[in-house]
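Here the structure is laid out as structure tokens; the discussion comes afterwards.
Laboratory data are not the source of any read-out in this text; all were calculated from the coordinates shown. The structure presented is a predicted model; accordingly, all values stated were derived computationally and were not measured. All Cβ positions, even for glycine, are placed from backbone atoms using ideal geometry, and neighbour counts span all protein chains on display.
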There are 2 protein chains.
Amino acid sequence: MNDEAIHPTFDHVADAAERLRDVAVRTPLLEAPLLNDLVGGRVLVKAEVLQRTGSFKFRGAYNRVSRTTQEERTRGVLCFSSGNHAQGVAAAAQLFKTRAYIVMPATAPALKVARCKAMGAEVILHDGDRRSMEQRTEALAKEKGLVLVRPFDDRFVIAGQGTVGLEIAAQLAERQTFADLVLVPCSGGGLVAGIALALERQSPATAVYSAEPAGFDDMARSLAAGTRVANAPGRSSICDALQVPEPGAITFAVNKPRLRGGLVVNDDEVRRAMAIAFEHLKIVVEPGGAVGLAAILAGRVDVRGRTVVVVASGGNVDPAVFRSAIGERDHRSSVA
Amino acid sequence: MNDEAIHPTFDHVADAAERLRDVAVRTPLLEAPLLNDLVGGRVLVKAEVLQRTGSFKFRGAYNRVSRTTQEERTRGVLCFSSGNHAQGVAAAAQLFKTRAYIVMPATAPALKVARCKAMGAEVILHDGDRRSMEQRTEALAKEKGLVLVRPFDDRFVIAGQGTVGLEIAAQLAERQTFADLVLVPCSGGGLVAGIALALERQSPATAVYSAEPAGFDDMARSLAAGTRVANAPGRSSICDALQVPEPGAITFAVNKPRLRGGLVVNDDEVRRAMAIAFEHLKIVVEPGGAVGLAAILAGRVDVRGRTVVVVASGGNVDPAVFRSAIGERDHRSSVA
């Protein structure tokens, strides 16, 4: 078993929290009484859209980059991503004064390329499929002696994301309340794994669920099957951030014994959740960040009379997608 | 001098903070490094869009309603407003288990009527101009023995809004930093007056400015003239929340010796600020809530190398208005 396969523990999460203390935002737990009325329970929204770079990904990336040696930092770090992980790595590298190399698909939106460059990263556009992009990334890491920051299957990345769970536990205690359920958007499964590790220790009676878009519900099906299963190719979803082909080896090993189950929502349900967050919470949530709230609104879990924490994991959404989401529903239906 | 003309002091603000402690949201001070880069200074955004009811107005309304007697609460409270003040009063009345009567123009959006009703308020639609609506409201107050909650020219309302200033001072201290400037959206002037009272005591070297839309820049012109002047009739602005005809008597008396000046922005500048908040801060800001940020982005004050706090005072915006704001600019221009 190589180093990277070592599984994270609660202590890794606690240690990550120390490192992140003065750099990550302790994001608020938001509540809207009219939203509570709408679902008949208490909904507390962990607003990671307000995190540095607009998503939780900064936490794991920063924790991983913080483990590099001074010598490694003279060369730099590397990742492949067109989205939130790329921005997290770029921001972390900037703080550690090392170079970030970001391999992105040639089709990446200009805005995302520009944001990484604005944080000092070097963007390498790759014309090819996901597998060839991964291969190019690994080759580049070897060639230049760069540290590869994996998007989820890394104990330090998982531990960094787990600090969201520590904050949830602390914020519930400050409110003198208890969460029956915690719902977490899931792609490779690093965020939900980290949160499950944190809550297993700090709120063991809370049921943790992953939430995914239809067509990319590999975690839900893997949890049901008890073994990792992949998504069928050729599916599409509005959730651009949640399209990993299968759960990670490490993340699934963490999640399998700890999650109560996986919830699945469709694109229309996601758009409705984005619109509800716009109206009642006044936050910008990207499609992939809204799948947990969508699962509540669509009744995938019973929240009546219960307290549920849902993570709004990211807010990096193109204006056109957001405009479409908030324009497609009858807003009068959302109150009383 | 009657009771209502008594001016608020710092002690009123501190007392309001005690009453609001467990009911108002201590809204976060948000920061986005790429936004800082864009303006060449440090911008800290006090996100009152995340306040209960989606704007700061809850603070003043709650503080005022908290002063009613048990006997007054058997009858109820009253206000005239189609917007944020109405929702603040409705929410405050609900918490004190008293009835809220809200007089709104017959043209008020269905959504705003629905939101007040959802909080248990009785909405009275009035077909007539502002002056006749005020008269009807005062008549109703007398007839039913209701307590009128004024939108700004009331020491308890001003003191409640001033708790925003106390929080800003505390949050700056937590960051071990100092604000050179604080910019506050302004209509009747209650929010900026309360903040100025708080900061006069807690951060006296900070310069406080009001921010207003063109055509409704009565505070800026009144500050310049040294006496209250009204807006010319017939003007229009995208900022529906900031269209009071002239500064309040009490608010102007508080503001005149305490504000450094008044800043004025146009509709395009407001829309750009809404889009920048969407992109960099991931919050939903209504037009009137964005005038302070607009003043920074438009260069109305010099923030280069300085730290500026700007209040994003509300987020209750119709989807169509928001869609138009985030769709009308070239987003690539906002980074690098």
Just tell me how shielded B:52-59 is by partners: mean number of partner chain Cβ atoms within 10 Å of each residue's Cβ, no decimals. 2
What dipole magnitude, in Debye to the nearest 20, does the protein assembly as shown give about its Cα centre under +1 on Lys/Arg Cβ and -1 on Asp/Glu Cβ? 400 debye
Given the candidates B:ILE250, B:VAL192, B:GLN171, the one whose Cα lies deepest towards the positive end of the charge dipole of chain B, counting +1 at each Lys or Arg C-beta and -1 at each Asp or Glu C-beta, is B:GLN171
Picking from B:VAL229, B:MET274, A:LEU148, whose Cα lies most toward the positive end of the charge dipole for the protein assembly as shown (charges on Cβ: Lys, Arg +1; Asp, Glu -1)? A:LEU148
How far, in degrees from 0 to 90, does helix A:84-95 lean away from the longest principal axis of the Cα atoms of chain A, to the nearest 10? 60 degrees
Other chains near B:273-285: what is the mean number of their Cβ atoms within 10 Å of each residue's Cβ? 5
Whole-Hz couplings from phi, Karplus 6.51/-1.76/1.60, listed for the range B:110-118; x for Gly and Pro: 4, 4, 5, 4, 4, 5, 5, 5, 5
Under-5 Å amide H pairs with A:VAL264, H placed in peptide plane, nonlocal only: A:GLU212
18 Å Cα-Cα threshold exceeded, pairs from A:LYS282/B:LYS112; A:LYS112/B:LYS282; A:LYS57/A:LYS144; A:LYS57/B:LYS282; B:LYS46/B:LYS282; A:LYS57/A:LYS112: A:LYS57/A:LYS144
Answer with one residue from B:PHE10, B:ASN36, B:TYR62: the one whose Cα lies farthest towards the positive end of the charge dipole of the range B:1-103, charges on Cβ with Lys, Arg +1 and Asp, Glu -1. B:TYR62
Order by protection proxy (mean Cβ within 10 Å, highest first), peptides B:143-149, B:104-110, A:101-107: A:101-107, B:143-149, B:104-110
What is the sum of charges, Lys and Arg at +1 and Asp and Glu at -1, for the other residues whose Cβ falls under 13 Å from the Cβ of A:ALA170? +3
Collect residues whose amide H, placed 1.01 Å from N in the peptide plane, falls under 5 Å from the amide H of B:LYS46; neighbours closer than 5 in sequence don't count. B:LEU30, B:VAL310, B:VAL311, B:ALA312
Taking the label point as lying 7 angstrom from Cα along the Cα-to-Cβ axis, what are the distances from A:ALA232 to the corresponding position in the remaining copies, in ascending order and in nanometres? 6.6
Assign one of three labels to the range A:1-141, namely rounded, prolate or oblate, based on the Cα gyration tensor with a ≥ b ≥ c the square roots of its eigenvalues; rounded applies when a/c is under 1.5, prolate when it is not and a/b is larger than b/c, and oblate otherwise. prolate
Short version: ³J(HN,Hα) in whole Hz for each residue of the range B:215-230, in order, from phi by Karplus 6.51 cos²θ - 1.76 cosθ + 1.60 (θ = phi - 60°), x for Gly and Pro, what are they? x, 10, 9, 4, 5, 4, 6, 5, 4, 5, 7, x, 8, 5, 10, 9
Per its Cα gyration tensor (rounded if a/c is under 1.5, else prolate when a/b beats b/c, else oblate), the range A:58-148 is best filed as oblate
Place a +1 charge on the Cβ of each Lys and Arg in chain A and a -1 charge on the Cβ of each Asp and Glu, then give the dipole magnitude about the Cα centre in debye, rounded to the nearest 20. 400 debye
Sequence ranges A:268-276, B:221-229, ranked by mean other-Cβ count within 10 angstrom, highest first: A:268-276, B:221-229
Using each residue's phi in the range A:62-78, evaluate 6.51 cos²θ - 1.76 cosθ + 1.60 at θ = phi - 60° and report the 3J(HN,Hα) Karplus result to the nearest Hz, with x for Gly and Pro. 5, 4, 5, 5, 5, 8, 6, 7, 4, 5, 4, 5, 5, 9, x, 10, 8
Mind listing P(r) for the protein assembly as shown? All alpha-carbon pairs, 20 Å bins, whole percents. 19, 52, 26, 4, 0
Computed [θ] at 222 nm, deg cm²/dmol, chain B (DSSP H ≥ 4; -39,500 (n - 2.57); rounded to nearest 500): -12500 deg cm²/dmol
Please work out whether chain A counts as rounded, prolate or oblate from its C-alpha gyration tensor, where a ≥ b ≥ c are the square roots of the eigenvalues and a/c under 1.5 means rounded, while otherwise a/b larger than b/c means prolate and anything else oblate? prolate
Residues with beta-carbon under 15 Å from that of B:ARG21, excluding B:ARG21: net charge, scoring Lys, Arg +1 and Asp, Glu -1? 0
Relative contact order of the range A:58-148: what whole-number percent is it, with Cα pairs under 8 angstrom and at least 6 residues apart? 31 percent
Give me the distance between the Cα centres of the range B:74-105 and the range B:253-326, rounded to whole Å. 27 Å
Which distances in nm, rounded to one decimal and ordered from shortest, link the label point of B:GLN176 to the equivalent label points in the other identical copies, with labels set 7 Å from Cα toward Cβ? 3.4
Amide H proximity to B:VAL208 below 5 Å, modelled H, separation 5+ or other chain, gives B:VAL182, B:ARG260
The chain A residue whose Cβ lies closest to the rotation axis carrying chain A onto chain B, with that distance rounded to whole Å, is A:ARG323, 2
If you put +1 on each Lys and Arg Cβ and -1 on each Asp and Glu Cβ, how big is the dipole of the range B:64-171 around its Cα centre, in Debye rounded to 20? 220 debye
So, in nm and shortest first, the distances from A:GLY128 to its counterparts in the other copies, with label points 7 Å along Cα→Cβ, work out as 7.6
Residue-count net charge about A:ASP218 - beta-carbon cut-off 11 Å; Lys, Arg +1, Asp, Glu -1: 0
